[in-house]
Amino acid sequence: MAFTAAGRRWQLRPRQLGVDVDWGAAVASAARQGGGPGPLRGFRRIEVRVFGADVAPPVRVYEAALDYELDRFACAARVGRRRSACAA
């Protein structure tokens, strides 16, 4: 992931923020949207194929790591919520 602020750019890997994506839940959700009982299943599948379906996987992030990195970015860019906490 790339973050840009005040002309500066930072690169982070999702692993550094403890990002965890549940792809199995996303697949199950997609299957539910295209499924259904008996003859209705075919119509639901056609509907999903024609109009699409919004499926987003559940995502968790380690909040302390995210806050740390956001504070670091804010201090480097001299903007944000805790500017006074930045070292001079």
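FYI, it's all coordinate maths here, none of it is from the lab. Worth saying up front: this structure is predicted, and the values here are computed from it rather than measured. Here the Cβ is made from the backbone with ideal geometry for all residues, glycine too, and neighbour counts use every protein chain on show.
The table below lists the values:
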read-out	value
Phi-based couplings in Hz for segment 51-56 (Karplus 6.51, -1.76, 1.60; Gly and Pro marked x)	9, x, 9, 8, 10, 10
Among (i) 68, 23, 20; (ii) 38, 25, 24; (iii) 78, 37, 17, the entry derived from the coordinates for Cα extents along the principal axes in Å	(i)
Amide N of segment 17-43 lying under 20 Å from the label point, which is placed 7 angstrom from the Cα of residue 76 along Cα→Cβ	17-19
Cα-centred dipole magnitude for the chain, charges only on beta-carbon of K, R (+1) and D, E (-1), debye, nearest 20	240
